[in-house]
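This report concerns only the one structure given below.
The values are calculated or read from the model by the stated rules, or taken from the named source; none is laboratory data. Here the structure is a predicted model, which is why all the values come from computation and not from measurement. Here Cβ is always computed from backbone atoms with ideal geometry, including for glycine, and neighbour counts include all displayed protein chains.
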Amino acid sequence: MKPIWLGTSWKMNKPLSEARAWCETLAQRLPDVIHPAIQPFVIPPFTAIQLVSRYMQQHQLPCLTGAQNMHEAENGAWTGEISAAMLAETGATLVELGHSERRGAFNETDAAINKKVHSALRHGLRPLVCIGDSADEKRWQVSRETVVRQMKIALHGLSEQQVLQTLVAYEPVWAIGEHGIPATPEQAGEIHHALRQALCETFGVETGQRIPLLYGGSVNRLNAVELLHQDDIDGLFIGRAAWDANGYCDIVQRVTQEFILQAQ
């Protein structure tokens with residue numbers, strides 16, 4: 001069985017005290033509910049990455065830690081930015097790139113995301129590339145073209161070895177956020193199938209089948225297993241349903257019991 005990636009990003013939430021409390025709850029519950037096939041990860045704000053990374057290591061929790069963004073430059077006069085080398089020093093092993101909030105609010109382009117992907121890989125960080133279609137693009141029926149374009153540009157120039165260190169998360173813009181409407185498993189499955197086809201065409205079938213594709217967008221305990229039953233969905237990028245550690249562990253437990261164990 002391929003690893004099932006289950007993770008969450010806290011966005012601009014949780015000061016250090018709340019970050020530590022989340023980790024403490026995770027340490028109490030995760031060992032009892034997780035299956036070896038699951039790869040958990042958490043992406044805190046910059047200020048909490050080192051605390052969370054150290055906590056996971058000290059308590060021997062198999063949960064990877066990531067960052068929510070980075071600059072593509074090695075160093076320089078980029079006030080307020082963080083480089084890949086700086087992130088690596090915090091203990092982060094993942095970096096989220098291209099989230100729709102970064103694209104929309106901070107005008108990040110596909111080309112800029114591609115530069116960040118290459119920079120992350122040079123420093124041993126695993127890029128988690130976020131792609132997604134807007135409500136208008138969905139209405140215009142160009143969702144597949146939109147997300148395939150975003151993905152192909154983000155991964156442009158990568159070798160086979162490099163692309164196998166990359167994750168792709170499909171997060172429809174119309175599905176994320178407090179008032180988001182989750183994609184049905186069938187809708188998510190159709191887009192993931194198109195992404196898988198594009199990966200196989202670009203990098204070859206053997207490699208394309210091995211690149212993890214995650215779905216994110218109003219994921220919760222009720223729809224998690226149904227989403228994972230889609231052939232080309234390899235994991236879930238969970239939002240506010242996992243901001244409470246018990247909520248996250250509830251999803252992990254359901255995936256373990258109702259998806260992994262039932263398939264064995």
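Just a few scattered comments:
- Checked across the stretch 9-16, the condition of being basic (Lys, Arg), at pLDDT 95 or above and part of a loop (DSSP other than H, G, I, E, B) holds for at least one residue.
- Matching residues in the stretch 30-45 - criterion: being more than 15 Å from Val255 (Cα to Cα) and touching a helix residue (DSSP H, G or I) at 6+ places or on another chain (Cβ under 7 Å): Val42, Pro44
- Any hit, the stretch 136-146, residues being surrounded by 18 or more Cβ atoms within 10 Å (Cβ to Cβ) and either closer than 23 Å to Pro45 by Cβ or touching a Lys or Arg at 6+ places or on another chain (Cβ under 8 Å) (or both): no
- Among the residues examined, Gly157 does not qualify as surrounded by 15 or more Cβ atoms within 10 Å (Cβ to Cβ) and within 20 Å of Val95 (Cβ to Cβ).
- Among the residues making up the stretch 7-29, those that are in contact with a helix residue (DSSP H, G or I) (Cβ under 6 Å, 6 or more places away or on another chain) and under 25 Å from Leu227 (Cβ atoms) are Thr8, Trp22, Thr25, Leu26, Arg29.
- Residue in the stretch 167-176 that is at pLDDT 95 or above, surrounded by 16 or more Cβ atoms within 10 Å (Cβ to Cβ) and in a loop (DSSP other than H, G, I, E, B) present: yes
- Where a residue in the stretch 199-211 is aromatic (Phe, Trp, Tyr) and its partner, wherever it lies, is in a helix (DSSP H, G or I) and at pLDDT 95 or above, with Cβ under 8 Å and at least six apart: Phe203/Glu160; Phe203/Val163
- Residue match in the stretch 90-99 (condition: buried (at least 17 other Cβ atoms within 10 Å of the Cβ) and either within 21 Å of Thr184 (Cα to Cα) or at pLDDT below 95 (or both)): yes
- Any hit, the stretch 184-198, residues being among the charged types (D, E, K, R) and either touching a Gly at 6+ places or on another chain (Cβ under 9 Å) or touching a residue at least 60 places away in the same chain (Cβ under 8 Å) (or both): yes
- Each residue in the stretch 204-262 was checked for being more than 26 Å from Ser159 (Cβ to Cβ) and part of a helix (DSSP H, G or I), and 26 pass.
- Within the stretch 209-224, the set of residues being surrounded by fewer than 19 Cβ atoms within 10 Å (Cβ to Cβ) and either charged (D, E, K, R) or touching a helix residue (DSSP H, G or I) at 6+ places or on another chain (Cβ under 6 Å) (or both) comprises Arg210, Asn220, Arg221.
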